[in-house]
């Protein structure tokens, strides 16, 4: 997954310091993959990482800021350790200015009984504009900027809004039912602490792998996750 370097003008106050590109973008596809394979009994056991640098720093970001980070994650099936899988996750925020799309998103999942290929950058809207001087691929489902028939905001189904709605609904449920509501939210598949601990472990292991120049192991014992 990649995004254009122009946005680093906005992000450079925190890019590479409060969050690296892996936490920012790799989190999306890692979370999707983890939610899929964990249902099949697979857990991440070790992570290695590599990164490129130079462009973000040249744009004024902190000297520690990486341009692109790739994580190599090893997965093992809990009840049959002989069954293993490998995941490679790459994220960058230094793509060319004229890449034709704001966010290039490719996902390839190859399993024993089939595979999935997704290109979320191409939504079927190819636009050529002489003023732009290139072919552009628009994503009309990302956000609705046009008002409704009465001139009011109509972007409630666009990026981010449903997430906020679910979060507020979850807060109301916890305020009403207390601790018992947590299990309900977990079962709904929402990004609760319990449902995202695997993704977080992978991202943090990747960060440590870069900082310490080594492979980082992930262990889960009695429901407790730890990095070694």
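The values are calculated or read from the model by the stated rules, or taken from the named source; none is laboratory data. Bear in mind the structure is a predicted one, so any value in this text is a computation, not a measurement. Quick reminder, even Gly has a Cβ in these numbers, built from the backbone with ideal geometry, and neighbours come from all protein chains shown.
Those strands (runs of 3 or more DSSP E) of segment 26-136 in which 2 or more residues are under 20 Å from the mean Cα position of the chain (by Cα), in the same structural domain as residue 8 (by TED's automatic domain parsing) and under 23 Å from residue 228 (Cα atoms) occupy 42-53, 66-77, 80-95. Contact annotation: residue pairs with Cβ atoms under 7 Å, 6 or more positions apart or on different chains, pairing a residue in segment 56-81 that is under 17 Å from residue 203 (Cβ atoms) with a partner that is assigned to a loop (DSSP other than H, G, I, E, B), are 64/16; 65/16; 66/16; 66/20; 69/20. Selection of segment 191-227 for residues being more than 24 Å from residue 18 (Cβ to Cβ) and surrounded by 13 or more Cβ atoms within 10 Å (Cβ to Cβ) yields 194, 215, 217, 219, 220. If you check 206, 155 for being in the same structural domain as residue 53 (by TED's automatic domain parsing) and either under 17 Å from the mean Cα position of the chain (by Cα) or part of a loop (DSSP other than H, G, I, E, B) (or both), only one passes: 206. For segment 160-182, does any single residue satisfy the condition of being exposed (fewer than 14 other Cβ atoms within 10 Å of the Cβ), in contact with a helix residue (DSSP H, G or I) (Cβ under 8 Å, 6 or more places away or on another chain) and modelled with pLDDT of 90 or more? Yes: one or more hits. Under the condition of being crowded, with 19+ Cβ neighbours inside 10 Å and either modelled with pLDDT of 95 or more or not in a loop (DSSP other than H, G, I, E, B) (or both), the residues counted in segment 5-25 number 9.
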